[in-house]
Amino acid sequence: MTALKPAQPRPPKPSFVRDPLAFVQSPDLKTGQVNPPKVVVVGLSGGVDSAVAAARLKQQGHRVIGIFMKNWEDDDDSEYCSSRQDFLDAAAVADRLGIELQAVNFAADYKDRVFAEFLREYEAGRTPNPDVLCNAEIKFKAFLDHAFQQGADFIATGHYARVRRNLEGRVELLRGLDETKDQSYFLYRLRQDQLDRVLFPVGELRKTEVRAIAESLGLPNAKKKDSTGICFIGERPFREFLSRYLKTQPGPICTPDGIQVGGHQGLSFFTLGQRKGLGIGGVRKAVSKRSTNRSPLVSEEGKGWFVVKKDLETNTLYVSQDHDHPWLMSGWLTTIDGCWVSGEAPLTPLKPSPNPDDGNGAGDFGVKTRYRQADASARLAPITGETGTRGDSDALRSSEATESQTKVRGFTLHFQQAQWAVTPGQSAVVYDGEVCLGGGIIAQAKP
């Protein structure tokens, strides 16, 4: 492990009298009112976003305490895990800002609340998003509880999102102003009691502004590369990591016409729309059989294959070279585990989707079925009765449901335009203009 090198030459420590780039906001980031200084515990990850979040809060006169969260212990000394260096970077930032830093181990909570669910979903053939669950269960639950036990008034993170209180007194979750970095998609499961005591100091900044502030303050991680990948996997090959925890179940890879073009080691290792890592690139030119209806099999040299379907009953992975194959296009979906920021399912949106090309009407919401996707216009209908819970994603196949599976509702979304590769296990997140209303886990998608 390479030790952190001190900056040469090292600028003087910031005085925090004012923000050198004039991005200072009032101490209360929710109401805009000037209130007495608060105790704010900041999740310092070692990255530049949380570092600037801490700097801005201290600059506003608050007492800031940094906490480095250790969420993963398995093989964290491997070449792929950066937790040790992240901690060193967080410590260097804390020293630079003159704030206290604590290291708190949430690994046990993470394994029970996030990783176990992550594996269960993959074993069931779905593709979960652990970052969504990590935010709800660790960063804004276990971490939040720990911070308040330490006497904190608020917690803060480096997420690109915003919060505000509406006229009814409820806290709203808003998109970050930097559309390219907005992270509200990952925060849709947060409740009123959580958001009421959360600050997002960089939510009204663009990434370029965040880095400029970090450089002006002499923060040692001002130019640090953004982290990528799932938090506990890091930069390691995904399939290699997953195969250590899931059993292999070899099966055929076939075209929609039933022609076998390869083999796979388990459906859990693939997701809808996936193009890379299929292991069948070399057979594209060799496939010359005719399909079952005697029409020539389309297998064009130079075109990639896409996963279009996972058949759990036959353990067959279906692929096609048609990016827009009908199996990949969905006109509607159902969700489970619906979560609404306000505590109630929305009725009619106040604003249309910000995407002018959707042609959406007054009753349409903006919806994302995956991160970084443009909003899609859709109408929402709550699911009532014995549907809409996590068990329903299995019951959709087995037609079995228990009484305990009927307590949490889901909802349906009907899109104005068919959506590509809507994937069970991912989240469908609903927006009303800039407001993130909530969402649910995709259970089923249909044409």
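The values are calculated or read from the model by the stated rules, or taken from the named source; none is laboratory data. Small disclaimer: the values here were computed from a predicted structure and weren't measured. FYI the Cβ positions are ideal-geometry reconstructions off the backbone, even for glycines, and counts take in every protein chain you see. Just so you know, the surface numbers come from the protein's heavy atoms only, side chains and all, with ligands and any DNA or RNA stripped out. Shrake-Rupley method; radii C 1.70, N 1.55, O 1.52, S 1.80 Å.
The candidates Phe270, Phe238, arranged from most to least accessible area with a 1.4 Å probe in the full protein assembly, appear as Phe238, Phe270.
The protection proxy used here, the mean number of other Cβ atoms lying within 10 Å of each residue, ranks peptides 42-51, 334-343, 143-152 as follows, highest first: 42-51, 334-343, 143-152.
For Asp257 and Val39, compute 0.36 nm times the residue count separating them, minus their Cα-Cα distance, and round to one decimal in nm. The partial results should precede the final answer.
On the way: separation 218, 0.36 × 218 = 78.48 nm, distance 6.29 nm.
Gain on extension, Asp257 to Val39, equals 72.2 nm.
Which FRET efficiency value, to the nearest 0.05, is calculated for Ala108 and Asp193 with the Förster distance at 25 angstrom and r the Cβ-Cβ distance? Taking R0 as 25 Å, the efficiency between Ala108 and Asp193 is 0.60. When the residues Glu137, Glu240 are ordered by accessible surface, computed with a 1.4 Å probe over the protein chains alone, the sequence from largest down reads Glu240, Glu137. Counting only residues 5 or more places away or on other chains, whose amide H sits under 5 Å from the amide H of Phe68 once H atoms are built in the peptide plane? Close amide H contacts, sequence-distant or interchain: Leu44, Gln102, Ala103, Val104. Close amide H pairs (under 5 Å, H built 1.01 Å from N) link Lys309 with Tyr318, residues at least 5 positions away or on another chain. Couplings for segment 320-331, taken from phi via the Karplus curve 6.51 cos²θ - 1.76 cosθ + 1.60 with θ = phi - 60°, read 8, 8, 8, 4, 10, 4, x, 5, 8, 9, 10, x Hz in order; Gly and Pro are left as x. Checking every one of the GluC sites (Glu not before Pro) in segment 149-188 against DSSP loop status and a limit of 10 other Cβ atoms within 10 Å picks out Glu168.
Taking 7 Å steps out from each Cα toward its Cβ at Asp74 and Leu347 produces label points 4.7 nm apart.
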